[in-house]
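The values are calculated or read from the model by the stated rules, or taken from the named source; none is laboratory data. Since the model is a prediction, treat every value here as computed from it, not as a measurement. Quick reminder, even Gly has a Cβ in these numbers, built from the backbone with ideal geometry, and neighbours come from all protein chains shown.
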Amino acid sequence: MSQEEPRSKQKNVSDIAKEVGLLIPVFITSSVWDNWITPDQKSIEKGENEKTRASIVINKFIFFMRVHRQTSKSNLIYFPVTLKKDGKEEDVQLMSHLGPLEEGDNRYCITIMTPEEYEFETVQ
């Protein structure tokens with residue numbers, strides 16, 4: 001985690017994750033939150049809200065995590081999720097990173113982000 005993206009700029013969705021059985025802290029980057037979790041007006045009119053959209057992402061992540069851990073030991077998991085934007089379904093490529101909660105910390109967390117955000121983090 002770089003200094004440009006402190007935890008305070010991410011959304012802590014651990015409570016939503018606990019509802020589906022994840023006991024580890026889970027964060028979603030502000031970019032993913034702003035672009036995909038926050039519903040647009042058409043989605044709001046159809047009854048969607050941030051919690052339902054975050055739940056969709058977390059449930060999709062859990063499915064791919066279960067598949068992934070059978071074949072790989074990597075702490076990165078790439079997964080597609082379909083979300084509505086401007087009334088149309090769009091396929092979004094997301095990924096999760098299992099890493100320390102803070103630098104030098106032995107506690108772990110999951111951060112959900114776009115692959116582009118991860119590439120930006122690893123280049124710096």
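Of note:
- Among the residues of the stretch 14-70, the one identified as in contact with a Pro (Cβ under 6 Å, 6 or more places away or on another chain) and of a type in the set (S, T, N, Q) is Ser14.
- Residues considered: Asp91, Asp105, Asp15. Of these, the only one that is part of a strand (DSSP E or B), out of contact with any His (no Cβ under 7 Å at 6 or more places or on another chain), free of Cβ contacts under 8 Å to residues at least 12 places away in the same chain and exposed (fewer than 13 other Cβ atoms within 10 Å of the Cβ) is Asp91.
- Only one of Lys73, Lys84, Lys60 that is part of a helix (DSSP H, G or I) and not aromatic (Phe, Trp, Tyr): Lys60
- Boolean, Phe79 is at negative phi, out of contact with any Pro (no Cβ under 9 Å at 6 or more places or on another chain) and assigned to a strand (DSSP E or B): yes
- Close pairs from the stretch 20-35: first of a type in the set (S, T, N, Q), partner exposed (fewer than 13 other Cβ atoms within 10 Å of the Cβ), Cβ under 9 Å, at least 6 apart: Thr29/Lys9; Ser30/Lys9; Ser31/Glu116
- For the stretch 73-124, a residue qualifies if it is at pLDDT 90 or above and of a type in the set (Asp, Glu), and the qualifying residues are Glu89, Glu90, Asp91, Glu116, Glu117.
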